[in-house]
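A.B. asks: Structure provided below as structure tokens; questions to follow.
The values are calculated or read from the model by the stated rules, or taken from the named source; none is laboratory data. Fair warning: this is a prediction, and the values are worked out from it, not measured in the lab. Ideal geometry is used to build each Cβ from the backbone, glycine not excepted, and the neighbour counts take in all protein chains shown.
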Amino acid sequence: MNITSMCVEQQMKMKDQVRQEIATRIIINHERSMDCLQGLICYISWAATTSSPGRPFIITFCQMAVLLAYDLGLTKAPVEEQYFTICFKMWGGRPPPPRLRTQEERRAVVSLWFLTSVMSSFVGKMDPLQWTPHMSDCLEALERDKLCPSDELLVAFVRYQLVADEAQKLLVRDVMGESSSAPTYVFRRSLLAKLQAVRDGLPANMPITPVLQAHSLATEIQINSVGLFMQNIPVNQRIESMYSCLQAIRSWYDVFFGIPPEDVPGAPFAIYIQLSQVQIALYRLTTSEDPAWDKELVRNTADLLVLLDQVVEFFTRLDSVYKMKASQGEETVFVMGAKIMNNIRISWEPTLSRHLRNASSIPTNQGAGAPVPTPPPPSTVQASMEMVNINMIDFGDVTWMGDVFGPWEF
């Protein structure tokens, strides 16, 4: 009811009730049930409609869900769990046979891994639930048995995210400057091959939803961003990566704007995380000082200022399509989203306009890539939206993400 309420005031009241219910059942009463776990998974999945100012909950709720998964024994095979329960106890006869894993449990544990992986790329303070061999078994069982029509779709999302999770770890290595025997960009081709294998392995009769398409393209953008703005990559390989990244960004926006307005309110929070990540990647491509990079191509393919205008208009239109009851001074999530996107546009416009205006005069000779400039301080907009050096932004930088999504803390 909190997620689907059409009244802003009711949503705010329900958020407090939900938090109270979760605390009472899980912490005070020590309830360990699939009902609690599935409720948390649902609540986190649609975080855009369940957040509130000044009371961040994503890390807390994700870790509570992980706690339930561990206590319910969902991360390990039943036979492995049974070993630990009898190995160090007095022998008392033949142990009971291991219990069978249900499909609901399989769906829950792989869904939870997916959520924690996506959220960890948004909230830099947490790590995803560790992927285990038993989760691979669960994924294969769901794919094989197809007991629920949406099982194939769930499997596809998880397989895409497994590739994205690898790319995310490499992006973090870039930002942290971790030394290694191999630079991160050398893993790009193998990750792209894994991504293509997932695409090729999708069932022919499975409906490809816009949200799944967007997730696939967001994964491709992350892969092509690995090492791109942090290391000296051979020029031909660098330009190929930049161009591939640009094309994937253009395709992602086409999919995003193609989602029917009536379907957007039901889209998961992950797509809004992708929106932020895609905008950062496009900003970097647009403001790159690399003399071998064709800025005219960027402007003709994906003009970030134009796209930001379209996002503002998109959210504004959604607010009129998805009518929510709001009192004086209250804002729906889409009105807030439109305002935030407009503030970002105002903040970035001076730098973007300069680079796009000079696009036609940029020489095309090849050379080493230069650092991407920092967006200017948004002195004419909200003081809280100070931007850090764009070249040092990790896709999981929670401070910057909080600025992008405004004063509401997740």
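A.B. asks: Looking for whichever is in contact (Cβ under 8 Å) with a residue 60 or more places away in the chain and of a type outside the set (S, T, N, Q) here; the options are Ile44, Ile28. Which one fits?
C.D. replies: After ruling out the rest, the residue left standing is Ile44.
A.B. asks: Something else: Going residue by residue through segment 110-127, is there one that turns out to be modelled with pLDDT of 85 or more and more than 22 Å from Trp46 (Cβ to Cβ)?
C.D. replies: yes
A.B. asks: Looking at this structure, is Thr116 crowded, with 18+ Cβ neighbours inside 10 Å and outside the structural domain of Tyr70 (by TED's automatic domain parsing)?
C.D. replies: So Thr116 fails the test.
A.B. asks: I've got another one for you. Within segment 18-28, identify whether any single residue is within 23 Å of Met126 (Cβ to Cβ), in contact with a Lys or Arg (Cβ under 9 Å, 6 or more places away or on another chain) and modelled with pLDDT of 95 or more, and answer yes or no.
C.D. replies: yes
A.B. asks: Further question on the same structure: Residues that are farther than 23 Å from Ser244 by Cα, in the same structural domain as Arg238 (by TED's automatic domain parsing) and among the aliphatic types (A, V, I, L, M): which helices (runs of 4 or more DSSP H) entirely in segment 257-325 hold 3 or more of them?
C.D. replies: Values: elements: 270-287, 295-301, 304-321.
Here the list reads 304-321.
A.B. asks: While we're looking at this one, here's another question. Residues that are modelled with pLDDT of 95 or more, among the aromatic types (Phe, Trp, Tyr) and out of contact with any Cys (no Cβ under 9 Å at 6 or more places or on another chain): does segment 255-273 have at least one?
C.D. replies: yes
A.B. asks: Here's a follow-up. Being on the phi > 0 side of the Ramachandran plot and at pLDDT below 75 narrows it down to one of Gly54, Gly73, so name that one.
C.D. replies: Working: Gly73 fails: at pLDDT below 75.
Matching residue, one of Gly54, Gly73: Gly54.
A.B. asks: Based on what the data block shows, is Pro95 assigned to a loop (DSSP other than H, G, I, E, B), over 28 Å from Arg144 (Cβ atoms) and either at pLDDT 90 or above or touching a strand residue (DSSP E or B) at 6+ places or on another chain (Cβ under 8 Å) (or both)?
C.D. replies: So Pro95 does not fit the description; no.
A.B. asks: What number of residues within segment 236-284 are closer than 19 Å to His355 by Cβ, touching a residue at least 60 places away in the same chain (Cβ under 8 Å) and aromatic (Phe, Trp, Tyr)?
C.D. replies: 1
A.B. asks: Need pairs with beta-carbon distance below 8 Å; first residue at pLDDT 95 or above and within segment 176-205, second surrounded by 15 or more Cβ atoms within 10 Å (Cβ to Cβ) and among the aromatic types (Phe, Trp, Tyr); sequence gap 6+ or separate chains.
C.D. replies: Leu195/Tyr160; Val198/Tyr160
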